[in-house]
Amino acid sequence: MKFWKTLILIFIINTSIVFGEIKTTDKIVALVNHHIILDSDVRNSMYMILDNIFNVDNNALQHVVYYQQILDQLITDKLIFQAATQQEITNNYTQLNQVICRISNLYDMTLDQFRAYLYNTGLNYEKYCTQQYQDMLKINICDRVTYHRASILTNEINKVVNKLEMIDFNKQFKLRHITFSLPIQPTQNQINTIECFARLLIKKKEFNKNNSIKKLIRLYSNKYILQIIKVQETEWVSWKDMPIIFDQHLKKIKKGDLIGPILSHDGIHIAEVQDIRYKQLMLPITKIKAKIFGVKDSCKNVNIVKQLLQIKELIEKNNTTFDIITKEKLKSMGFDNYEENIIYKDLDDFEPSIRRALITLKNNEISMPMHIYDGWYLVQLMDFSILDYTAIIHERAYLYLLSKKFNEIMKYWIQELRSSSYIKILN
């Protein structure tokens, strides 16, 4: 808990400095409402691009352009974080832990080894975690804004559906999905930079099929890449649940292939196909949104079932949420390694004991404590829907259109934030 308090303090004081301090007298270069942006914030971000990616001449004019572009992006970030604070939007620290664990696994390191690795490359672990938290927060609030502001008509969905190729729902994949995050409204140089790195990985993979994407990333990445890389290791996932950006590649790919690079609103994507199989899918399917809350390695805690029952009773009696209960009660109960995950997938894909519990629950109802994996957990049914083939295709078309409208919605939303804010650039 002490670490996360430190992380929150760093985020509140200054959410932009990720690397070591520049050894010059710092100065304020912009005011964004009641927050400041420092010259070192801009230069740290700018130098990471110039030093690690671009082979640029010492062109003073070009550096001025980069500086202005980075400053503009930092102003946008400040406005987004302020909007998140006003709307009381925060991240789940369990998810942040998972993000960092997946990145450390990508580099074949334990968390302690990864912390040391960051230090050796010139990165501070706490500030690195802050950066990851910021990226998650930006995605969170921008996705919410897009969802609430998007106007998608039925005829738009039908047009997309008519163009979609037939999806083989019986085809399943194991993927290592890598995302290189981009700023909101990235410059073309930033896009080109990451695409160039992604193509380098793909070229090296094609040259030697025995090279895994993990090995190549460890070999060629630098501290700039470290800051923006995200990874998702999927178990068997059906084609219908794959990100729609991969659709045009899924029909022809083979085990070991690399997909990408693909530019999307949330970054540049590549995916390594670790395996492919066929499994009969019975339609219609029941799609479940569930929250799973519990404590890892809790088998030896003789009081764990009683404590989870107390949490269940508190939530049901007070008509409150896991988030509020965790903030108020978990510390006093000694739950230092609790997990809280929201999972959205087919009912048949859940672990059997969870599946049996979900079948008996009504919306927002919480299960009795159950032993799953390596601990005791509660399961809450948040929502469910029953989908046939047509409904699934229309859902994918909707998500495709939502992604396509992201940049336009962000453009107008950020304009609104700027027009309603006090922003001053200082010479």
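Straight-line reach from K78: which lysines fall under 16 Å, measuring Cα to Cα and dropping same-chain residues less than 8 apart?
Correct list for K78: K138, K411, K424.
Can you give me the distance in nm between label points at E195 and E88, each placed 7 Å from the Cα along the Cα-to-Cβ direction?
Label at E195, label at E88, 4.3 nm between them.
Just by accessible area at a 1.4 angstrom probe, what is the order of K291, K411, K127 from largest to smallest?
K411, K127, K291
If you take the charge dipole of the range 341-427 about its Cα centre, with +1 on Lys and Arg Cβ and -1 on Asp and Glu Cβ, which of Y389, M368, N407 is farthest toward its positive end?
N407
Over 28 Å between Cα atoms, which of K240/K404; K240/K306; K240/K362; K174/K205; K174/K230 qualify?
K240/K306
Suppose R0 equals 51 Å; then what is the FRET efficiency for S419 and N318 from their Cβ-Cβ distance, rounded to the nearest 0.05?
With R0 = 51 Å, the Cβ-Cβ based efficiency is 0.80.
Leaving ligands, DNA and RNA out of it, work out the accessible area of T90 with a 1.4 Å probe and give it in Å² to the nearest 10.
Solvent-accessible area, nearest 10 Å²: 80 Å².
When the helices in the chain are scored as -39500 (n - 2.57) per DSSP H run of 4 or longer and the sum is shared across all residues, what 222 nm value do you end up with, to the nearest 500 deg cm²/dmol?
-15500 deg cm²/dmol
Please check which bits of the range 155-198 a label hung off K215 would reach, taking the label as a point 7 Å along Cα-to-C-beta and the cut-off as backbone N under 17 Å.
Only 176 fall inside the zone, counting backbone N under 17 Å.
Could you give the size of the charge dipole of the chain about its Cα centre, using +1 on the Cβ of each K and R and -1 on the Cβ of each D and E, expressed in debye and rounded to the nearest 20?
560 debye
How many nm is it between the label spots at Q98 and D383, if each spot is 7 Å from the Cα in line with the beta carbon?
That separation, rounded to one decimal, is 1.8 nm.
Can you give me the solvent accessible area of M410 with a 1.4 Å probe, rounded to the nearest 10 Å²?
In the full protein context, M410 sits at about 0 Å².
At 1.4 Å probe size, put W239, W376 in order of accessible surface, largest to smallest.
W376, W239
With label points built 7 Å along Cα→Cβ from the Cα atoms of E365 and K255, find their separation and express it in nm.
Simple spin-label model gives 4.2 nm for this pair.
Taking 25 Å as R0, compute the FRET efficiency from the Cβ-Cβ separation of A150 and D72 and round it to 0.05.
Approximately 0.50, to the nearest 0.05.
So for the chain, what percent of the C-alpha to C-alpha distances run longer than 40 Å?
Tail fraction, whole percent: 22.
Give the residues of the range 146-190 whose amide nitrogen is closer than 14 Å to a point set 7 Å from the Cα of Q248 in the direction of its Cβ.
163-165
Just subtract the alpha-carbon distance of Y47 and D275 from 0.36 nm times their residue separation and send over the number in nm, one decimal.
78.2 nm
Report T187's accessible area, 1.4 Å probe, all protein chains in place, as a number in Å² to the nearest 10.
30 Å²
Would you rank K27, K138 by solvent-accessible area, highest first, keeping every protein chain in place and using a 1.4 Å probe?
Solvent-accessible surface, decreasing: K27, K138.
Once the Cβ-Cβ distance between E235 and E395 is put in as r, and R0 is 22 Å, what FRET efficiency do you end up with, to the nearest 0.05?
0.55
Mark the label point 7 Å from the Cα of E206 along Cα→Cβ and return the residues of the range 241-280 whose backbone N is within less than 16 Å of it.
Under cut-off, by backbone N: 249, 253-254, 256-262, 270-273.
Roll a 1.4 angstrom probe over the protein heavy atoms and tell me the percent of accessible area of the range 64-210 that is carbon or sulfur.
Carbon and sulfur: 49 percent of the exposed surface of the range 64-210.
The values are calculated or read from the model by the stated rules, or taken from the named source; none is laboratory data. A quick note: this is a predicted structure, and the numbers were derived from the prediction, not measured. Cβ coordinates were reconstructed from backbone atoms using ideal geometry, including for glycine residues, and neighbour counts include every protein chain displayed. Calculation scope for accessible area: heavy atoms of the full protein, side chains included, ligands and nucleic acids excluded. Shrake-Rupley method; radii C 1.70, N 1.55, O 1.52, S 1.80 Å.
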